[in-house]
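The values are calculated or read from the model by the stated rules, or taken from the named source; none is laboratory data. No experiment lies behind these values; they were computed from the predicted model shown. Cβ sites come from the backbone with ideal geometry, for glycine too, and all protein chains shown count toward neighbours. Side chains included, ligands, DNA and RNA excluded: accessible areas come from the protein's heavy atoms. Shrake-Rupley method; radii C 1.70, N 1.55, O 1.52, S 1.80 Å.
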Amino acid sequence: MRYEAPSSLDQAVALLTAEPGEARVLAGGTDLLVQLRTDLIEPALLVDIKRIAETRQVAEEGGGFRIGAAVTGAELKEHPKLKAVWPGLVESANLIGSTQVQGRATMGGNLCNGSPAADSVPALIAAAAIASIAGSNGRRELPVEDVMLAPRRLALSKGEIIASFLLPPKPARAADAYLRFIPRTEMDIAVVGCGVCLTLDAAGTCTAARVSLGAVAPRPLLVADAAKALIGSKLDAGALERLDAAARAACQPIDDKRGTKDYRVKVAGVLARRAAQIAYERARRA
Ligand SMILES: Cc1cc2nc3c(=O)[nH]c(=O)nc-3n(C[C@H](O)[C@H](O)[C@H](O)COP(=O)(O)OP(=O)(O)OC[C@H]3O[C@@H](n4cnc5c(N)ncnc54)[C@H](O)[C@@H]3O)c2cc1C
């Protein structure tokens, strides 16, 4: 197996594209190295993207933020502004694994590993993040909700790399939240994850919403009906009940050792309510 660590995206794309065998991007390696050691994958080439400056920066851009795909969860937490503006997103990346894992794990890797239970993905979707993708035909942009198609299957062509995520400018009185449920207190995979981002008017009525669910379908979901349940409300009991029902209706979960289908569906409604209430309180103070 060959290891390359180029310093530009163009070089990285060229290496990945030219390799006739299996080639993989290496970011934090917290998924990839486990898969290598257990012989799940046997790539001919690993292209480490951590020496590419663009993938390692968090920068303010057009009133929003551009987050390099290889920025770690620990680095996101230490950014002087990001946590104040996007607390849910930063919290989602810092639920991943342990302190040690958070020092390596990236949002690019979390998304591109292709797990429906990836924690930072519903938070990115709720934040309306756009993935900037570098490939042999140049750059293209894709909303994060369109990147993962099914478990381990992405809408990326050979040689394509996610370079960064663009978070749009956040309006006044808007805020996000992410919650997940796991059977243990830490170091486990989500039974359900839920990201919510809400915008309120001056009277506290919700004017815009995005609700995303993880671990309840073959891919993370953007649930338009759940957002509709909140818009026009002050998150009164009726709106929360409609949100709960819309979240449950969107689920197509599996049964596994962490939870049955029925259990996942029930938890999805409960987490959606709780995440929406946290986002609402944050938005009122924003
Ligand atoms: C002990 C432990 C606990 C964990 N706990 C959690 C958890 O609680 N929640 C959770 O969601 N995950 C968890 N994980 C999984 C893992 O840590 C995360 O998915 C992590 O975010 C992966 O990021 P990475 O940078 O390490 O990715 P890598 O391992 O470097 O890469 C993962 C995959 O994505 C591809 N890839 C990486 N970056 C890019 C890119 N920019 N463009 C294109 N392809 C790319 C790689 O080729 C590879 O296929 C855990 C893992 C371990 C070992």
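Of note:
- Meeting the requirement of 2 or more residues that are over 29 Å from Val265 (Cβ atoms), touching a Gly at 6+ places or on another chain (Cβ under 6 Å) and touching a residue at least 12 places away in the same chain (Cβ under 8 Å), the strands (runs of 3 or more DSSP E) wholly within region 120-209 are 161-167.
- Every condition in (1) of a type outside the set (Val, Ile, Thr); (2) within 29 Å of Glu60 (Cα to Cα); (3) without any contact (Cβ under 8 Å) to a residue 60 or more places away in the chain is met by Leu235 except one, and the failing one is (2).
- Any hit, region 55-62, residues being farther than 27 Å from Ile189 by Cα, in contact with a His (Cβ under 9 Å, 6 or more places away or on another chain) and not aliphatic (A, V, I, L, M): no
For (1) among the polar types (S, T, N, Q); (2) open to solvent by 10 Å² or more (accessible area, probe 1.4 Å), each residue gets a yes or a no:
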site	(1), (2)
Ser115	yes, yes
Ser120	yes, no
Gly135	no, yes
Leu142	no, yes
Pro168	no, yes
Leu179	no, yes
Ala190	no, no
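- Evaluating Asp201 against the criteria (1) at negative phi; (2) surrounded by fewer than 23 Cβ atoms within 10 Å (Cβ to Cβ); (3) at pLDDT below 95; (4) not polar (S, T, N, Q) leaves one unmet condition, (3).
- Residue check for Gly214: open to solvent by less than 10 Å² (accessible area, probe 1.4 Å), closer than 20 Å to Ala283 by Cα and within 16 Å of the ligand (Cβ to nearest atom): no
- Breaking point among (1) of a type in the set (A, V, I, L, M); (2) open to solvent by 20 Å² or more (accessible area, probe 1.4 Å); (3) under 21 Å from Gly88 (Cβ atoms), for Ala249: (3)
- Inter-residue pairs, beta-carbon under 7 Å, first within 6 Å of the ligand (Cβ to nearest atom) and in region 13-35, second polar (S, T, N, Q), 6+ apart: Ala27/Thr106; Gly28/Thr72; Gly28/Thr106; Asp31/Asn113
- Here the helices (runs of 4 or more DSSP H) wholly within region 20-100 that include at least 1 residues being among the small types (Gly, Ala, Ser) are 73-78, 82-85, 87-93.
- Region 98-109, residues that are of a type in the set (Gly, Ala, Ser) and surrounded by 18 or more Cβ atoms within 10 Å (Cβ to Cβ): Ala105, Gly108, Gly109
- Subset of region 167-191 [modelled with pLDDT of 95 or more, within 16 Å of the ligand (Cβ to nearest atom) and not hydrophobic (A, V, I, L, M, F, W, C)]: Tyr178, Arg180
- Among the conditions (1) free of Cβ contacts under 8 Å to residues at least 40 places away in the same chain; (2) away from the ligand (no atom under 13 Å from the Cβ); (3) crowded, with 23+ Cβ neighbours inside 10 Å, Ala84 misses just one, which is (3).
- Among the residues of region 6-19, just one is in a loop (DSSP other than H, G, I, E, B), surrounded by 15 or more Cβ atoms within 10 Å (Cβ to Cβ) and not acidic (Asp, Glu), namely Pro6.
- Test: residue in region 60-70 that is closer than 21 Å to Leu154 by Cβ and either among the basic types (Lys, Arg) or open to solvent by 30 Å² or more (accessible area, probe 1.4 Å) (or both): yes
- When region 61-83 is filtered for residues that are of a type outside the set (Gly, Ala, Ser) and touching a strand residue (DSSP E or B) at 6+ places or on another chain (Cβ under 8 Å), the ones remaining, listed by number, are Glu61, Phe65, Arg66, Ile67, Val71, Thr72, Glu75, Leu76, His79, Lys81, Leu82.
- Matching residues in region 95-114 - criterion: being near the ligand (Cβ under 7 Å from one of its atoms) and either of a type outside the set (Gly, Ala, Ser) or within 19 Å of Arg51 (Cα to Cα) (or both): Leu95, Ile96, Val101, Arg104, Ala105, Thr106, Met107, Gly108, Gly109, Asn110, Cys112, Asn113
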